[in-house]
Number of protein chains: 2
Amino acid sequence: MVQAVALARNEEGIGAALGILKQQFGERFQTGASIREQHAHTTTWIINQPPDGVVFAHSTQEVSDIVKICAAHKVPIIPFGTGTSLEGHVNAPAGGVSIDVSQMASVLEVNAGDLDCRVQPGVTRMALNTHLRDQGLFFPIDPGADASIGGMAATRASGTNAVRYGTMKDNVLSLEVVMPNGEIIRTASRARKSSAGYDLTRLMVGSEGTLAIITEVTLRLQGIPEAISAASCSFPTVEAACETVMAVIQYGLPVARIELLDAMVVKAVNSYSKLTLPETPLLLLEFHGSDAGVAEQAETFGALAEEFGGNGYAATTSAEERNKLWQARHDAYWAMLALRPGCKAVATDVCVPISKLAEAVVATNEKAAELGLVAPIVGHAGDGNFHASVLIDMDDAQEVARAEAFVSWLNDRAIALGGTCTGEHGIGQGKRPYLVKELGGAVDVMAAIKHALDPDDIMNPGKIMP
Amino acid sequence: MVQAVALARNEEGIGAALGILKQQFGERFQTGASIREQHAHTTTWIINQPPDGVVFAHSTQEVSDIVKICAAHKVPIIPFGTGTSLEGHVNAPAGGVSIDVSQMASVLEVNAGDLDCRVQPGVTRMALNTHLRDQGLFFPIDPGADASIGGMAATRASGTNAVRYGTMKDNVLSLEVVMPNGEIIRTASRARKSSAGYDLTRLMVGSEGTLAIITEVTLRLQGIPEAISAASCSFPTVEAACETVMAVIQYGLPVARIELLDAMVVKAVNSYSKLTLPETPLLLLEFHGSDAGVAEQAETFGALAEEFGGNGYAATTSAEERNKLWQARHDAYWAMLALRPGCKAVATDVCVPISKLAEAVVATNEKAAELGLVAPIVGHAGDGNFHASVLIDMDDAQEVARAEAFVSWLNDRAIALGGTCTGEHGIGQGKRPYLVKELGGAVDVMAAIKHALDPDDIMNPGKIMP
């Protein structure tokens, strides 16, 4: 396994804090092995490093109280939402206390007139959208998992809709957070834009629990579009599919989604979901707008795709057919796992400037083949972000080593192309060496900010910082 | 005059630094009274506090060298672009050195395929758009002045297009900055999205030169739309105009611009520009998209406006007619000044949640009348951002006092409505007390970051921080 560094433990402080938390929170403070293990990472190839205890918080004030107890004893705090992050974010390499906010799951306020809402951090994206549907509103950010809004803010998550609606960075208006000293602050007003001082909202979004713990999130919302049209289109090569995406973006076509599945993924979903898609690279699309607008977009896309040899293109506004079309994408993760039963899927997450997409994807396919790895690719292609998921037999040390070499090569390659090692998953434990390769001296500035706000390094230690 | 606090001067350090700069930069280092005064503020009611010298930098390395000299002698640094900021941002309350980057004005790279470009900080927005036009691209952010891109990033500027294209926060992909110790860092890759560590780009955008000095900006660009349609519509009351804007935003109509001029501004531009607009509140609009798309948007707007008593509505796709329509908006500043010749126009800059826009604008008109002030309003209404420009006879101490009371009332009112004291101008010297009212303890977090990155407080001291 990789990056399994354990940090020094403050045994005395941990013991003291655990005693106080037990006393104050009773049954809501748990130290059983199973629950502790559930609150650390098992979904990646990074080893599980459980916290010493898990406390289920019910309010901002409780979070503040817990933080103050941990701060007084210099005990690590690991914020926990749904545990669906992918880079060891909820591991506890120095032990400490997992603050589970999943029971802080109320939608506090929906301001339909302002297209915004205020939620507790444990609300999941699906629960929020269920809550909003009756008001004709939706929240567009959709990482694969039904993640918590707090966790999504913490990792600067995005998903399939980011090409149209942006990422968490663009859709969080304001945060309430508890600082490492227990102080509660609000980062911004509810105004749609502001030049009032440093952008603490954006500093906290993507800080992965290393600067503060998020206790409320104010989000931008979108009106459910008048019309939604979905489409799929097959391509002779992955290069042709990527070149089509590049043309779409350069044209300025406002696609709501444009997802790439390489030939291996298409084969996998055909087998897994009993579909009969042509086993060549596929683009899945969605257009949002007025009836006339989506028809026009769909037509424009068709014309662009044709230039690159796209075939089998068809768009539909039927919700049922749309869901069927997108089934291939939704099933992709499980379908890929089924390619090599018993193997671990390790998701990479590079993002390159759109003009480099075809080059990067083609080279990634080739590199995986060269190393004898099974690494199917799905991508949020319109952002230049794609995930090669390496299927690894973790009992085969040589294969693990080749997978490590592949991940390292891919991250380096993306950085060399002017891109990033992580489009949406974050740095966590796993990508710390690449952060330095990507941003150099800027990481020292990050470290200075971290040290200023959290001098005892209690907030999610061992994450982001090298 | 207001907020004219002078800070303690480090005479010895300033003397030493000036000597070295003179030696190294020769004629590019200036200490004449006139040039020093030009590099401090005269456009607001905040008094002019000139730096001790002005150095014209030609490269990132030179900026770094200058910063190192100033850092070694603990001498204040005031970054300077075009000097069009409005809250005393370029004043030197503790003296020091103005680093003028206006001669760093090259467009370094345009990546048409990625819809981005890399520019030096002294490039102005109009120069950039002239440079881009041949490639079918444009940069949408348009503060009133022909500001420098570096300055626009530093104040988190926006303008009339923000309702569609966002602010500088949304359109800066990456920055190269010189830190207070002279180190040069790049804040992000060129990828369209990233989760790689703390969002230093957004931290620097809006930091008003208090954390670092911007030496390169990588910007998102837009394709020039296939079709542009412009329109104007008059309303019986300012409330009706604002309610129309609220309906447009709530409907999700993707207007590119929706600007409000109150009745006093319309009267002023009629007189100044020899127009014959009905002297009632006016909305000016622009729609971007395909031919069919802009026609559909224009029609939808017309239907919404009618519900609120809009009249004289007409849309046009002719560039000539469009320019004529927008003349009223472009002339508004000079037209307003002509309402009271010899007076100073002091621009306020509140921004409220869109549902509070009508309430806020009506109350602002009433408050100005109550205080016997002339304070015409123009607004980037789609963002909830509006500017009441108070025309003040600076020789009338009582009027100045009433204007101060008005500004204070307006900022407090916006904050009470869930908004901000500054939508786009920034805090500078003028709005420091309101920043604390707006964000409370969050300002302590800002101060901790400032102190961590700039422990000697040499970067634009006396700005933002209370």
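Averaged over B:412-424, how many beta carbons belonging to a partner chain fall within 10 Å of each residue's beta carbon? Write out the running numbers ahead of the final one.
Numbers: counts 0, 0, 2, 3, 0, 3, 8, 6, 10, 5, 6, 6, 3.
Whole-number average of other-chain Cβ neighbours for B:412-424 is 4.
Which lysines have a Cα lying under 17 Å from the Cα of A:Lys274, excluding residues fewer than 8 positions away in the same chain? Output for A:Lys274: A:Lys324.
Using Cβ counts within 10 Å as a stand-in for footprinting exposure, how do B:Leu337, A:Leu175 rank, fewest first?
Details: B:Leu337 17, A:Leu175 26.
Arranged by neighbour count, lowest to highest, B:Leu337, A:Leu175 become B:Leu337, A:Leu175.
From most to least packed by mean Cβ count within 10 Å, the peptides B:244-254, B:362-372, A:213-223 give A:213-223, B:244-254, B:362-372. The residue among B:Ala298, B:Ser207, B:Phe287 whose Cα reaches farthest toward the positive pole of the charge dipole of region B:187-320, with charges on the beta-carbon of Lys, Arg, Asp and Glu, is B:Ser207. Close amide H pairs (under 5 Å, H built 1.01 Å from N) link B:Asn111 with B:Asp116, B:Cys117, B:Arg118, residues at least 5 positions away or on another chain.
A straight line joining the Cα centroids of region A:131-190 and region B:79-107 runs 35 Å.
Show me the GluC sites (Glu not before Pro) within region A:237-283 that DSSP assigns to loop and that have at most 13 other Cβ atoms within 10 Å of their Cβ. Walk me through the numbers before you get to the answer.
Working: sites: A:Glu239, A:Glu243, A:Glu259, A:Glu279; in loops: A:Glu279.
In loop regions of region A:237-283 (DSSP not H, G, I, E or B), there are no sparsely surrounded GluC sites (Glu not before Pro).
Both the radius of gyration and Dmax for region B:107-223 are 13.2, 40 Å, in that order, over alpha-carbon atoms.
Measuring between alpha carbons in the structure, the pairs from A:Lys267/A:Lys344; A:Lys193/B:Lys193; A:Lys68/B:Lys193; B:Lys74/B:Lys463 lying more than 27 angstrom apart are A:Lys68/B:Lys193. Given +1 at the Cβ of Lys and Arg, -1 at the Cβ of Asp and Glu and no other charges, the dipole of chain B around its Cα centre is 640 debye to the nearest 20. Between the alpha-carbon centres of region B:385-444 and region B:286-336 there is a gap of 31 Å. Taken over the Cα atoms of chain B, the convex hull encloses 143 Å³ per residue. Remark: mean inter-chain Cβ contacts per residue of A:182-188 equal 4, using a 10 Å Cβ-Cβ cutoff to other protein chain atoms. Cα convex hull, region B:337-439: 95 Å³ per residue, rounded to a whole number. Each Lys and Arg Cβ is given +1 and each Asp and Glu Cβ -1; about its Cα centre, the protein assembly as shown then shows a dipole of about 1020 debye. What separates the A:Ile20 label point from its copies, with the point 7 Å along Cα to Cβ, is 4.7 nm, written shortest first. Since only A:Pro236, A:Leu373, A:Phe406 are under comparison, the one whose Cα sits farthest along the positive direction of the charge dipole of chain A, derived from C-beta charges on Lys, Arg, Asp and Glu, is A:Phe406.
A label point on B:Glu279, set 7 Å along the Cα-to-Cβ line, lies at 7.9 nm from each of its counterparts in the other copies, closest listed first. Note on B:Lys169: aspartates and glutamates with a C-alpha under 12 Å away, same-chain residues under 8 apart excluded, are A:Asp170, A:Asp199, B:Asp199, B:Glu424. Taking the average, over residues, of other Cβ atoms within 10 Å as the packing measure, peptides A:105-114, A:410-419 rank A:410-419, A:105-114 from highest down. In summary, the convex hull built on the alpha carbon positions of region B:11-102 has an orientation-averaged projected area of 5.3 nm².
When each full DSSP H helix of chain B is screened for a Cα extent of at least 30 Å along its own axis and an average Kyte-Doolittle hydropathy of at least 1.0, none passes. For region B:11-102, the dipole from Cβ point charges (+1 on Lys and Arg, -1 on Asp and Glu) about the Cα centre works out to 80 debye, to the nearest 20.
Fewest first, what order do A:Lys431, A:Lys356 take by the number of other Cβ atoms within 10 Å? Please report the intermediate quantities before stating the final value.
Values: A:Lys431 29, A:Lys356 23.
Final ranking by Cβ density, sparse to dense: A:Lys356, A:Lys431.
Estimated translational diffusion coefficient (Stokes-Einstein, Kirkwood radius over Cα pairs, 10 °C, 1.306 mPa s) of region B:390-466: 113 µm² per second. If you model the protein assembly as shown as an ellipsoid using its alpha carbon gyration tensor, with each semi-axis the square root of five times an eigenvalue, the axes come out at 43, 35, 27 Å, biggest first. Once the convex hull of all Cα atoms in region B:224-277 is built, its volume per residue stands at 98 Å³.
Peptide B:447-454 shows a mean partner chain C-beta count of 4 within 10 Å per residue C-beta. Loop-located trypsin sites (Lys or Arg not before Pro) in region B:251-315 (DSSP state not H, G, I, E or B) with no more than 12 neighbouring Cβ atoms inside 10 Å: B:Lys274.
Every number in this text was worked out from the coordinates using simple rules, so none of it is lab data. From a predicted model like this one, the values you see are computed outputs, not experimental measurements. Positions of Cβ are backbone-derived with ideal geometry, glycine not excepted, and every protein chain shown enters the neighbour counts.
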